[in-house]
Amino acid sequence: MFLGTYTPKLDDKGRLTLPAKFRNELSDGLMVTKGQDHSLAVYPKDEFEKLAARATKASRTNPKARAFVRNLAASTDEQALDASGRVTLSADHRRYAGLAKECVVIGSIDFLEIWDSESWEAYQAEHEENFSEGEDDSLFDVL
């Protein structure tokens, strides 16, 4: 599982060092794609394959499903960690997520999210009450 919050810095070549505790889970390859709320999502290759398989089962006659599948496929980049545990983020991904030097990597249970530090702080400030007011039973009813 991917849990926790980490604050690596993006280098001048667009490389980001991922937390050491997750490198083993990502050693067989990883997929970087656009995430929700202008973040990036990093999936172990096998988890991404499960997501893609579910996505392709959606009806192609549904415009929202078509848009989702197209965006998912077009915005995904297959990567491998280098010897230092870094992943290279494309210019398009960095632009989409507004990534500058200061980044935040958060665990989202079955994948990682990469955020610009200021964007993550703003997101947390805006949504803290949603978390505080959430009830476990009502949350799991949605899921």
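How about the stretch 1-35: which trypsin sites (Lys or Arg not before Pro) there are in a DSSP loop, with at most 10 other Cβ atoms within 10 Å of their Cβ? Write out the running numbers ahead of the final one.
Values: sites: Lys9, Lys13, Arg15, Lys21, Arg23, Lys34; in loops: Lys13, Arg23.
Counting only loop positions with at most 10 other Cβ atoms within 10 Å, the trypsin sites (Lys or Arg not before Pro) in the stretch 1-35 are Lys13.
Can you give the Rg and Dmax of the stretch 1-134 based on its C-alpha atoms, in angstrom?
According to the Cα coordinates of the stretch 1-134, Rg and Dmax are 15.1, 44 Å.
Give the cross-link partners of Lys57 among the aspartates and glutamates, using a straight C-alpha distance below 20 Å as the criterion and excluding same-chain residues fewer than 8 apart.
Reachable aspartates and glutamates: Asp46, Glu47, Glu49.
Can you work out the accessible area per residue across the chain, with the rest of the protein chains kept in place, probe 1.4 Å, in square angstrom?
Values: 9100 Å² over 143 residues.
Spelled out: the 1.4 Å probe surface of the chain, per residue, equals 64 Å².
If contacts are Cα pairs under 8 angstrom and at least 6 residues apart, what is the relative contact order of the chain in percent? Display every interim value, and only then the final one.
Working: 207 pairs, mean separation 51.2, N = 143.
In percent, rounded to a whole number, it is 36.
Leaving out ligands, DNA and RNA, what percent of the accessible area of the stretch 1-135 is carbon and sulfur, probe 1.4 Å?
In the stretch 1-135, the share of accessible area belonging to carbon and sulfur is 50 percent.
What pairs from Lys50/Lys101; Lys21/Lys101; Lys45/Lys101; Lys9/Lys34; Lys13/Lys50; Lys13/Lys64 go past 24 Å between their alpha carbons?
On the way: Lys50/Lys101 32 Å; Lys21/Lys101 22 Å; Lys45/Lys101 26 Å; Lys9/Lys34 19 Å; Lys13/Lys50 31 Å; Lys13/Lys64 35 Å.
Beyond 24 Å: Lys50/Lys101; Lys45/Lys101; Lys13/Lys50; Lys13/Lys64.
Taking only DSSP H segments of four or more residues, each worth -39500 (n - 2.57), what value at 222 nm results for the chain once the sum is divided by all its residues, to the nearest 500 deg cm²/dmol? Let's see the in-between values first.
Numbers: 5 runs with 55 residues, N = 143.
Computed ellipticity for the chain at 222 nm equals -11500 deg cm²/dmol.
The values are calculated or read from the model by the stated rules, or taken from the named source; none is laboratory data. If you're wondering where the values come from, they're calculated on a predicted model, not measured in any experiment. When we count neighbours, we look across all protein chains shown, and the Cβ atoms used for this are built from the backbone with ideal geometry, even at glycine. Only protein heavy atoms, including side chains, enter the accessible area calculation; ligands, DNA and RNA are left aside. Shrake-Rupley method; radii C 1.70, N 1.55, O 1.52, S 1.80 Å.
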